[in-house]
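The values are calculated or read from the model by the stated rules, or taken from the named source; none is laboratory data. Predicted model only: the values in this text are computed from it and were never measured. Counting neighbours? That spans all protein chains shown, and the Cβs are built from the backbone with ideal geometry, glycine included.
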Amino acid sequence: MTDQWITIAASLSRERAETFSLVLSASGLPHDVQRSDRGWSLRVDPAVQDLARETIDRYIAENSEELAHDEGYVAPRKWNGSAAWAVLALIAFHVAARRSGDFSRVVAEHGASSSAILQGEVQRALTALLLHADELHLAGNLMGIAVFGTAVSSIFGAGLGWLMILISGIAGNLANAWFFQSGHTSIGASTAVFGAVGILAAWQFARKKQSNMQRRRAWLPLAAGLALLALLGSGAHTDIMAHGFGFAAGLVLGYAGARGLQAPRTRENLQIGCVLVIVALMVGAWW
């Protein structure tokens with residue numbers, strides 16, 4: 001029923017409303033256009049609202065920078081709740097590790113030890129992401145996961161987005177082990193946090209590269225990501241190499257996702273499958 005449809009754009013000019021309507025019609029997405037005292041509005045079936053927003057977003061990016069600043073267009077909501085589960089998981093692992101009675105033993109057995117990883121204990125690249133030195137270390141990573149993880153999952157979906165973040169963290173720790181070879185152990189989710197930063201930077205880069213109007217600005221997201229890496233990822237007690245490798249892995253995943261996937265958020269089977277892969281990786285690593 002159309003009275004249950006959701007407004008994704010309002011206060012539009014007639015010309016702009018007709019343009020957006022043509023874009024959605026070309027994609028076969030059910031919608032309608034209505035006139036009110038404050039202009040024209042665009043409504044869609046709730047079942048296709050994410051795909052409709054992404055379709056219009058893609059049209060804006062590819063055709064006109066001016067459209068991106070249309071006050072009537074309602075930007076996609078960024079909060080999807082999945083970050084809460086990631087935060088709770090990190091807190092739970094931290095509490096469990098601290099209550100084990102010997103935290104140093106937990107780190108020795110599950111931290112990202114370069115020598116142990118190179119000797120075949122590759123599961124440490126994942127388990128180390130879930131361990132934190134203290135509450136301050138944990139709090140910093142919880143904030144990063146909440147902010148950047150929410151953004152990534154809003155783009156790629158609550159399953160694929162978090163799988164990409166997890167893989168970037170694992171890849172970062174594996175590359176870090178190869179770099180140090182021995183005598184180095186790291187813990188913490190920050191490698192995955194900077195993986196998320198890399199994913200976002202590469203995604204923005206790919207979108208701008210596809211737009212004739214924004215191609216000259218395509219490098220700005222990468223520069224912003226590097227600035228965040230330099231500002232937040234370096235310090236006296238941080239593993240800058242792990243952060244850098246995580247960021248680099250995120251760049252690869254983010255660019256591949258932006259170029260190779262069409263509307264991944266709407267593919268329910270894909271998202272469910274990715275969640276199952278995350279669970280399998282977690283269980284397998286700690287087994």
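Taken over segment 31-51, the residue count meeting the criterion of being modelled with pLDDT of 80 or more, outside any strand (DSSP E or B) and either over 25 Å from the mean Cα position of the chain (by Cα) or not assigned by TED's automatic domain parsing to the domain that holds residue 15 (or both) is 1.
Checking every residue in segment 253-260 against the condition of being modelled with pLDDT of 75 or more and touching a Gly at 6+ places or on another chain (Cβ under 8 Å) gives at least one match. Among helices (runs of 4 or more DSSP H) entirely within segment 88-205, having at least 3 residues that are without any contact (Cβ under 8 Å) to a residue 24 or more places away in the chain singles out 103-110, 135-144. Could you list, in sequence order, the residues of segment 116-155 that are farther than 24 Å from residue 251 by Cβ and of a type in the set (D, E, K, R)? If the condition is that a residue be farther than 24 Å from residue 251 by Cβ and of a type in the set (D, E, K, R), then 121, 134, 135 are the ones that fit. Scanning segment 130-165 for residues that are over 22 Å from residue 272 (Cβ atoms), modelled with pLDDT under 90 and within 10 Å of the chain's Cα centre (by Cα) yields a single hit, 147. Whenever a residue of segment 263-287 is assigned by TED's automatic domain parsing to the domain that holds residue 121, its partners that are acidic (Asp, Glu) and modelled with pLDDT under 95, lying with C-beta atoms within less than 6 angstrom and at least six residues away or across chains, give the pairs 263/54; 265/50; 266/50. State whether the residues of segment 52-59 include one that is farther than 11 Å from residue 17 by Cα and either at pLDDT below 70 or part of a strand (DSSP E or B) (or both). So far as segment 52-59 goes, no, none of its residues is farther than 11 Å from residue 17 by Cα and either at pLDDT below 70 or part of a strand (DSSP E or B) (or both).
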